[in-house]
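Novice: Starting off with a structure, shown below.
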């Protein structure tokens, strides 16, 4: 038997149950992983709360790192190989079965905790900066929650590309973190109107893209930060889901576009995205900040900290 976090109903962090689970032998095309660390992400909270419906009971978690313990028929992988993955739910567990094609090898230059912390967030950043809107050298972009897990990686990676980053934060402490990660301008949305500040920074022009993981609270202001034909990439709902928007609103505000991407649809480029992520992290150009760790048994405490915005950088559950 091994330990995992399961939910049998949706609700608050109290529905997370730490219990024994049985993990069998891998079948055709599968491997069994002994996991050492799992990343924590807002999507886990959305699934736990019922905002993103799913079949129950289930084990939450979408990214982890670990070691191959057993391989099924048709799998050409070595026992003991270090691997990581993103997008395959079930990472809140000491061991699990997973399709071999869902994992990628972890290079020696990247530690397990770092790999677990960066897979979902880092590949999401690759998707946001290259697929949703191809950021170019000289672009000025707006990143909400710039001191968070995705935001901290995005600020650094955008600098590698050559963009100027405006980052919103909720405190002066988080402003300092965002600046350390490459945000050229920071806006404390608790004390400043971020829309007015973006217009001031850009001489009234606005930005070509806004990356928004906050949702309801920042949606209208984000649209007003865009230049004509700009795109709002909304990829999270930390403050609640966005209400319906009329297409004519987008026309009247400057022929704007809205994108609502999911990494789960990023299948064609997943291996290339992982390779690019390991390259930029392994080279030291992007550093992964693990702001806090929690034992797997304290996953509920980790959810509380994330949802109350008490975390910075990435959060890791250790096995």
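Novice: In whole angstrom, note down how far apart the Cα centers of the stretch 297-312 and the stretch 60-94 are.
Specialist: One Cα centre to the other: 25 Å.
Novice: Using r as the Cβ-Cβ distance of residue 196 and residue 260, and R0 as 25 Å, what FRET efficiency do you calculate, to the nearest 0.05?
Specialist: Numbers: r = 26 Å, r/R0 = 1.04.
Computed FRET efficiency for residue 196 and residue 260 comes out at 0.45.
Novice: Can you tell me which of 161, 231, 290 moves the most in a GNM of the chain? Springs connect C-alpha atoms under 10 Å apart.
Specialist: 161
Novice: With N denoting the number of residues in the stretch 1-134, provide Rg(C-alpha) divided by 2.2 N^0.38 Å, to two decimal places. Write out the running numbers ahead of the final one.
Specialist: On the way: Rg = 15.1 Å, N = 134, 2.2 N^0.38 = 14.1 Å.
Dividing the Cα Rg of the stretch 1-134 by 2.2 N^0.38 Å gives 1.07.
Novice: Same structure, new question: Could you work out how far the C-alpha centroid of the stretch 201-223 sits from that of the stretch 22-54, in angstrom?
Specialist: When both Cα centres are located, 33 Å separates them.
Novice: Could I ask something else about it? Out of all DSSP beta bridges in the chain, what portion is antiparallel? Express it as a percent rounded to 5.
Specialist: Percent antiparallel among DSSP bridges in the chain is about 55.
Novice: Could you tell me the ratio Rg/Rh of the stretch 257-319? Both radii from Cα atoms, Rh via Kirkwood.
Specialist: Values: Rg = 15.3 Å, Rh = 14.3 Å.
So for the stretch 257-319, dividing Rg by the Kirkwood Rh gives 1.07.
Novice: Computed over the Cα atoms of the stretch 134-212, what is the convex hull's projected area averaged over all directions, in nm²?
Specialist: Values: hull surface 18.0 nm².
Mean shadow area of the hull around the Cα atoms is 4.5 nm².
Novice: Using only C-alpha atoms and all pairs of different ones, pull out the Kirkwood radius for the stretch 172-290 in Å with one decimal. All intermediate terms of the calculation are to be shown ahead of the outcome.
Specialist: On the way: mean 1/r = 0.0612 Å⁻¹.
That comes to 16.3 Å for the stretch 172-290.
Novice: Another question about this same structure. Would you calculate a helix-derived [θ] at 222 nm for the chain, using -39,500 (n - 2.57) for each DSSP H run of n ≥ 4 and dividing by the full residue count, to the nearest 500? The partial results should precede the final answer.
Specialist: On the way: 9 runs with 87 residues, N = 319.
Mean residue ellipticity, 222 nm, calculated: -8000 deg cm²/dmol.
Novice: Starting from a Cα-only point model with no solvent, please compute log10 I(q)/I(0) by Debye for the chain at q = 0.11, 0.12 1/Å.
Specialist: These q points yield log10 I(q)/I(0) values of -0.67, -0.80.
Novice: Return a whole-number percent for the relative contact order of the chain, with Cα pairs under 8 Å and 6 or more residues apart as the contact set.
Specialist: On the way: 723 pairs, mean separation 57.0, N = 319.
Taking the mean separation of contacting Cα pairs over the length of the chain, I get 18 percent.
Novice: OK, next. Can you tell me the equivalent ellipsoid semi-axes for the stretch 81-214? Use √(5λ) from the Cα gyration tensor, largest first, whole Å.
Specialist: Values: eigenvalues 205, 49, 32 Å².
Taking √(5λ) for each eigenvalue gives 32, 16, 13 Å, largest first.
Novice: Considering every Cα-Cα pair within the stretch 203-270, what fraction, in whole percent, is farther apart than 13 Å?
Specialist: Working: 1462 of 2278 pairs.
The proportion of pairs with Cα distances above 13 Å equals 64 percent.
Novice: Nearest-5 percent of antiparallel DSSP beta bridges in the stretch 48-198? Display every interim value, and only then the final one.
Specialist: Values: 8 of 16 bridges.
So the antiparallel bridges in the stretch 48-198 amount to around 50 percent.
Bear in mind these aren't lab numbers, they're just calculated from the coordinates by the rules spelled out. Because the structure is predicted, anything quoted here is derived from the model rather than measured. Note that each Cβ is placed from the backbone with ideal geometry, even for glycine, and that neighbours are counted across all protein chains shown.
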